[in-house]
1. Which residues, taken from the stretch 31-54, are crowded, with 24+ Cβ neighbours inside 10 Å, modelled with pLDDT of 90 or more and either more than 15 Å from LEU97 (Cα to Cα) or under 10 Å from the mean Cα position of the chain (by Cα) (or both)?
2. Would you pick out the residues in the stretch 18-28 that are assigned to a helix (DSSP H, G or I) and modelled with pLDDT under 85?
3. Looking only at residues in the stretch 156-178 that are touching a helix residue (DSSP H, G or I) at 6+ places or on another chain (Cβ under 8 Å) and surrounded by fewer than 15 Cβ atoms within 10 Å (Cβ to Cβ), which one is farthest from LEU38 (Cα to Cα)?
4. Pick from the stretch 1-36 the residues that are of a type outside the set (Val, Ile, Thr) and touching a Phe, Trp or Tyr at 6+ places or on another chain (Cβ under 6 Å): which of them is farthest from ALA168 (Cα to Cα)?
5. Only one of these conditions is not met by PHE24: (1) touching a helix residue (DSSP H, G or I) at 6+ places or on another chain (Cβ under 8 Å); (2) surrounded by fewer than 24 Cβ atoms within 10 Å (Cβ to Cβ); (3) of a type in the set (Phe, Trp, Tyr). Which number is it?
6. Please tell me if ALA92 is farther than 22 Å from VAL169 by Cβ and at pLDDT 75 or above.
7. Evaluate the stretch 168-182: report whether one residue or more is in a loop (DSSP other than H, G, I, E, B), modelled with pLDDT under 90, out of contact with any His (no Cβ under 7 Å at 6 or more places or on another chain) and of a type in the set (Lys, Arg).
8. Go through (1) within 20 Å of SER28 (Cβ to Cβ); (2) modelled with pLDDT of 70 or more; (3) not hydroxyl-bearing (Ser, Thr, Tyr) and name the single condition ARG118 misses.
Amino acid sequence: MGPFELVVLIGGTVAGAIASVAGFGIGSVLTPLLGTALGVKLAVAAAAIPHVIGTALRLWIVRAHLDRSVLLSFGLTSAAGGLAGAALQSLASNPVLTVVFAALLLFAGLGAITGYSRRLRFDRRGAWVGGALSGFLGGLVGNQGGIRSAAMLGFDVRKEAFVATSTAVALVVDGARVPVYLATQGDALVAIAPLMAFAALGVVAGTVLGTWTLRRVPEAVFSRVVGVLLLLLGLYTLSTLRP
């Protein structure tokens, strides 16, 4: 295991732990981390593999609270958006993806720090649009969780059902976008399979650990810490752009 593989393992653990509490975060952490070595375009596809594994594990843990009616409707619009985003991702250049991804990180970070993301609400009609948009962003740059969660608030579901259904929707989006990544970047992904394995191992460990450790951290403190990290990641991602 080299130094970067160790960093990816630790980063995957942190990402899995965050996602086990916030309901999202694996792509937000792993994509810019992998992007430092792979470029954003390949990093989005590479992060999707551990994202699938971590999300599936999280869904298994909370599966009893799943709201199937919301999943079948909201999940379909999200999947359609994810498929469209993944298709466009294969055509976009790295600089474009870098700018879009960095902007989303900055928006999410500022929203968490200021508390705006907790006040953001969609009505039921807007929730469908938000579902499609979150899926599209998931396919394009691997960052969908914040908008998906905001859109999901437009549905009248209990907290447990919210987390479980949001997790299931994320898995549906993964099911739409990952085959596109494999078809367009399969050879490149095979070449970095060991790196993705370290990321996946970290995500699994973080998901298990985060289930009982991070829940003890006050939500207000936790969300602001995550916000600062996202803000720093966004600034760092922008700094990688070359004139």
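1. ALA47, ALA48, PRO50, HIS51, GLY54
2. Answer for the stretch 18-28, where residues must be assigned to a helix (DSSP H, G or I) and modelled with pLDDT under 85: ILE18, ALA19, SER20, VAL21, ALA22, GLY27, SER28.
3. Step by step, filter the stretch 156-178, then rank; the result is ARG158.
4. Among them, the one singled out is GLU5.
5. Condition (2) is where PHE24 drops out.
6. In short, no.
7. no
8. (2)
The values are calculated or read from the model by the stated rules, or taken from the named source; none is laboratory data. What you see is a predicted model; the values in this text were computed from it and never measured. Backbone-built Cβ (ideal geometry, glycine too); neighbour counts: all protein chains shown.
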